[in-house]
Amino acid sequence: SLANATAHSALSLLAAETRKRLRICGNCGWLFIDRSKNRSRIWCDMTVCGNRQKASRHYHRKKEAQA
C-alpha cells in the first residue's frame, strides 16, 4: 500500500549512511541525498536549481563588469 511504501522510504532516510549524505538545497531549501563521489553537491537538481544559481551569478558578474 501507499502508506507502507511511504513509511519504508522515510525509514530508509534514517539509515546511518544516508543521513550523512542528506543536504538542504541552497536554492529551494528542499532536502536531497548527495550521491556525488566527493559529497560536494549543493543543489537538489542541477537542471533547475543549479542552472538558476549559475545564471544569476553570471548575470551579476557581467553587470558588475559593465559598471
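At-a-glance table
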{"quantity": "Index of the failed condition, Asn51 passing every other in (1) in contact (Cβ under 8 Å) with a residue 12 or more places away in the chain; (2) surrounded by 12 or more Cβ atoms within 10 Å (Cβ to Cβ)", "calculated": "(1)"}
{"quantity": "Long-range neighbours under 7 Å by Cβ, at least six apart or interchain, first residue within 21 Å of Gln53 (Cβ to Cβ) within region 13-40, second exposed (fewer than 10 other Cβ atoms within 10 Å of the Cβ)", "calculated": "Arg21/Arg35"}
{"quantity": "Qualifying helices (runs of 4 or more DSSP H) (wholly inside the chain; at least 3 residues being of a type in the set (Gly, Ala, Ser))", "calculated": "2-13, 51-66"}
{"quantity": "Residue that is farthest from the chain's Cα centre (by Cα) [pool: residues in region 18-56 that are among the aliphatic types (A, V, I, L, M) and under 22 Å from His8 (Cβ atoms)]", "calculated": "Leu22"}
{"quantity": "Any chance Cys44 is touching a helix residue (DSSP H, G or I) at 6+ places or on another chain (Cβ under 6 Å) and either among the β-branched types (Val, Ile, Thr) or modelled with pLDDT of 85 or more (or both)", "calculated": "no"}
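The values are calculated or read from the model by the stated rules, or taken from the named source; none is laboratory data. Owing to the predicted nature of the structure, the values given are computational and were not obtained by experimental measurement. Glycine also receives a Cβ, built like all others from the backbone with ideal geometry; neighbour counts cover every protein chain displayed.
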